[in-house]
Structure formats: structure tokens, C-alpha cells
Amino acid sequence: MIPAVMPTYGRWDVAVDRGEGCYLYATDGRKFLDFTSGIAVTSLGHCHPHLIKAVTEQAQKLWHSSNLFQIPGQQRLAERLTANSFADTVFFNNSGAEAVELSIKVARKYQSETGHPERYRVIGCHGSFHGRSFATLAAAGAEGYLKGFGPPMDGFDHVAFNNLNEMRAAVSDQTAAILVEPVQGEGGVRAPSADYLKGLRAICDEYGLVLVYDEVQCGMGRTGKLFAHEWAGVAPDVMAVAKALGNGFPIGACLATEKAAVGMVAGSHGSTFGGNPMAVACGNAVLDVMLEPSFFERTQRLARLLQNKLEALIGAYPKLFAELRGSGHLLGIRCQPALTAGDFVAKLRAEGLLCLTAGDNVLRILPPLVAGEREIEEGLGILHKVAKEWPAS
């Protein structure tokens, strides 16, 4: 008999009751150090007091009005995002998949509006993840996610990540855009070479393509800057963000330059819930914290500490771990063939530390950005304990 909640998740044997800072508490009394951050969502930890205050005040005034009305909080959030990014304009929706969907639409619409309606194809990368809608599944091209849902949506081509030669060779007269994660998350926590984004920008400029970044997971402070591409200094034309933008309250956003958004006029897109007063109150509260002058300085310092300690862990157990990947607080340890990342995650959970897996047999580590030295020491203590007790260590 099928359960009341559709069984699409391989759920852990943990029923969460409440959260506070870097910790989750289960209904049976267990306490967990949460280095999943709700899959890179709760970057400011659980129940951050400033966010609680913001959404509580908004809930007492207005939850929803629809986008037929002017929404002051939405205007303010858009102005703050554009002031702190490459973008000139923002559309708010409810999730990362929706933000990526719109990014694809913006790119295609741009080509149509500028005299190239034949340009509709998008080049993506193997190992990417862009969401679970038909278009975003096709954009990623991962066979495991597409199986059983019929023919993939047309219009997407795929090349190896971090390979500029393959990318350039894939460009055709029908290509509209390149879509890439500046740091891949689900695909194995892979950061590209230093010149990769610069090379993509050059290809797009040469062929008149739209450069689209998916920063749903790697954006909003996860790598130590507000957006991951800032490390390379290479701006896109369009970008999707979500996850940590609301710290758990559903909100996504598509950011674009004025040039790229030329076709986005009244009636070209819409959303019932997107950017409603509750969502943008939370988004503004997140920015209040992240835009504080010392926030990213502290985040980068603690990220270096975490990375150094993880490198020492890998060095101490070479039979278990092969390499450290990622950037900032988006980190992954590729496991040796003798160790299955999922088994290791299960043992960590039994010891009170929550981590994730990613493609390529990777142990994915996503601490909240507010985690301090004490939480890092606690997490590394559990990692060392489990590794030391592992049979093949």
C-alpha cells in the first residue's frame, strides 16, 4: 500500500522536531550537528533570530497579494541584489528549478528578439544538476533522473565540464546559450580551473551567446563571496539563485542584465507566489546578515580552517580518502574505491554528524556559514572517529 506521502525520497531514520543554529533535534531526543544545511539552504543556521523577527513581523501584516500589486519588499530585494551583482533586473519565483527554467527562457527570448529565432539550443555540462522539471532535467542530461519520463525535452547539448575545447566545438548555428554551474554540487563538488569561466565568456562573446550561471547551490555566500563567479571575476548575462536566498523559506530568483532581458515584458512570464511579501521579507533579512561588512571575511577565514582540517583528515586516512574538492563551505571528499560515501555518511549520522553524498563517490560537507571554530572542531572530531574505526583504515 502506498504511503500518504508519495515515496519519492530515500529518507533517513530521523524525524526532525526543531533546529537551533548549527544543530537539529529529532523527536526522539537525538541531537545532530548539521553539516548539510538543508542541502546548502540554511546557510545562516536554523531559526536565526533576525530572520524569525523579519518573517514574524511580515506574517502579522500581509502574507500574499499577487503580483498584480506593487510589493515594496520585492522592489527592495531586487534593488539590493542588482546593487551587489552584475544584474540590472530580477524576477522572483519559488525554487531553483523555476529560476533555471526562466534563465533558459530569457536566453531563448533574447535570441528571438535580436533577430535569431533559430537559436534555441543550450549547451550544458555532464555532471550538472539544474532541477527536476522537464526542461531542467534535459538541461542536465543525467540519464538516471530522466529514465521513465519519456523522451527528454529537445534543445540541449552536453559536453564535459571544465573542457573549453569541447564547449567551443559544440557551438552551432542553433546555439542560444551556455548553462553552467560555477562550482558543480550534485555532480561531485567540482570546481573548474581558474580560467574556465573566462573561457566561457570569450566563447559567448565571440558567437553572440548568452552566458547563464546556475548558482542555486554555490551562490548566496556558499563559496565565501555572495556569488561563486566573483572569485573568477567573470560575470554572466543571466543567473539563477535560490536555496540560501531564503534560508529555508521558498524563494528563487533569475537575475539578468538589461541587454539579456530585452524580451521580458508584461505577459512574457509570471508566478502566483513568486516574490510574495513573506518570501521577500526573508530574502531581505538574509541579505541584512550577509551584507554586513565582516560577514564574508569571517566566512572565508573559517572556510580555510575547515579546508585545512579536512586536508589533514585525508592525509591521515589515505586508504579511505583520495582528495578534497570544492570551494568555501561547499566541500567534498572523493572517497577511495574501498569506501562507499553513502555508508560513511550513515555512520557519521549514527555518531551525530549530518553530511551528504554527491556524484563520483563523494562525501559532501556543507556546514552553515555561521558555524564557528567550536562546531568545526566537533565535526572533525566525529569524522576522525568514524574514519579511525573504519575497517579498511
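From the list 127, 141, 148, pick out the single residue that is over 20 Å from the mean Cα position of the chain (by Cα) and surrounded by fewer than 23 Cβ atoms within 10 Å (Cβ to Cβ).
Matching residue, one of 127, 141, 148: 148.
Looking only at segment 164-174, decide whether some residue is in contact with a strand residue (DSSP E or B) (Cβ under 9 Å, 6 or more places away or on another chain), open to solvent by 70 Å² or more (accessible area, probe 1.4 Å), part of a loop (DSSP other than H, G, I, E, B) and at negative phi.
Checking segment 164-174: at least one residue is in contact with a strand residue (DSSP E or B) (Cβ under 9 Å, 6 or more places away or on another chain), open to solvent by 70 Å² or more (accessible area, probe 1.4 Å), part of a loop (DSSP other than H, G, I, E, B) and at negative phi.
May I ask you to verify whether residue 161 is free of Cβ contacts under 8 Å to residues at least 40 places away in the same chain and in contact with a Cys (Cβ under 8 Å, 6 or more places away or on another chain)?
yes
Find the residue count for segment 111-140, including only residues that are farther than 25 Å from residue 357 by Cα and assigned to a helix (DSSP H, G or I).
Number of matching residues: 3.
Results for (1) surrounded by fewer than 18 Cβ atoms within 10 Å (Cβ to Cβ); (2) at pLDDT 95 or above, shown as yes or no for each residue.
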| residue | (1), (2) |
| --- | --- |
| 10 | yes, no |
| 22 | no, yes |
| 26 | yes, yes |
| 43 | no, yes |
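Could you check, for segment 334-346, whether at least one of its residues is at pLDDT 95 or above, within 26 Å of residue 162 (Cα to Cα), of a type outside the set (Lys, Arg) and surrounded by 21 or more Cβ atoms within 10 Å (Cβ to Cβ)?
yes
Output the residue which, of all residues in segment 235-274 that are crowded, with 24+ Cβ neighbours inside 10 Å and over 17 Å from the mean Cα position of the chain (by Cα), is farthest from residue 19 (Cα to Cα).
So the residue we want is 260.
Kindly evaluate residue 108 against the criterion of being under 24 Å from residue 248 (Cα atoms), open to solvent by 30 Å² or more (accessible area, probe 1.4 Å) and not in a loop (DSSP other than H, G, I, E, B).
no
Those residues that are open to solvent by less than 30 Å² (accessible area, probe 1.4 Å), in a helix (DSSP H, G or I) and out of contact with any strand residue (DSSP E or B) (no Cβ under 6 Å at 6 or more places or on another chain), I need them from segment 56-103; list them, please.
Listed by number, the residues that qualify are 73, 77, 97.
For segment 210-241, enumerate the residues that are in a loop (DSSP other than H, G, I, E, B), touching a residue at least 40 places away in the same chain (Cβ under 8 Å) and at negative phi.
216, 217, 218, 222, 223, 225, 226, 227, 232, 235, 236, 237
Please enumerate the residues belonging to segment 299-318 that are open to solvent by less than 60 Å² (accessible area, probe 1.4 Å) and in a loop (DSSP other than H, G, I, E, B).
317
The values are calculated or read from the model by the stated rules, or taken from the named source; none is laboratory data. What you are looking at is a predicted structure, and each value in this text was computed from that prediction instead of being measured. Neighbour counts are summed over all protein chains in view; Cβ atoms, including those assigned to glycine, are modelled from backbone coordinates with ideal geometry. Each accessible area value is taken on the protein alone, full model and side chains, heavy atoms only, with ligands, DNA and RNA left out. Shrake-Rupley method; radii C 1.70, N 1.55, O 1.52, S 1.80 Å.
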